[in-house]
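Taking it in order: structure first as structure tokens, then the write-up.
What follows draws every value from the coordinates through simple rules; no lab data is involved. Here the structure is a predicted model, which means the values were calculated and not measured. Note that each Cβ is placed from the backbone with ideal geometry, even for glycine, and that neighbours are counted across all protein chains shown.
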Amino acid sequence: MIGPFGYELRRFLRDEGGNASVEFVLVFPAYLALMLMSIELGFVTLRYTLLERGLDIAVREVRLGTGTAPQHNEIKQIICENALMIRDCDNTLRLEMRSADMRSFNSLDRTADCTDAAEPTKPVRQFRAGPQGRLEENRLMLLRACLRFDPLFPDDALGSALSKDANGQASIVSMTAFVQEPL
């Protein structure tokens, strides 16, 4: 003999209403995380592409220029003007440039020196156009740009996986090499 409670329990277990809600509750968080990761990855890729574009245009202008030594602020300004959608580029971009000997090549150190909003402004790390402070013909130059940015979703999906500093900013590093064209 099944009591009134047993009958209600059996009816409840057979009822299929609400199945879509259960599936929605299980699937939606994963779908939302995937969407947020896609948006974050799209913006990281856009920033990187724009930084690369600005760096390429700046290097092209320097390489094909008059042979005068480019100054840090001039190159930074060219990069920021051509990296269109990077916010506060002047304050978040840090450049490092030095000459390298092609025969005994030694690259820049592995760790890029990026700006950090939590620390006071650092002086230019290393920015030498050449041995005598000027560009020399056929001299290999290494230029690295490091850009700090705030992730769109810093605590969700991809934003939480990005390596960030104490201020919560992630970084993008781009490096290029060029040889000064002879005049």
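Of note:
- Working from label points 7 Å from Cα in the Cα-to-Cβ sense, the A33 to M175 distance is 3.4 nm.
- Take 31-38, 93-100 and order them by the average number of nearby Cβ atoms within 10 Å per residue, most first; the result is 93-100, 31-38.
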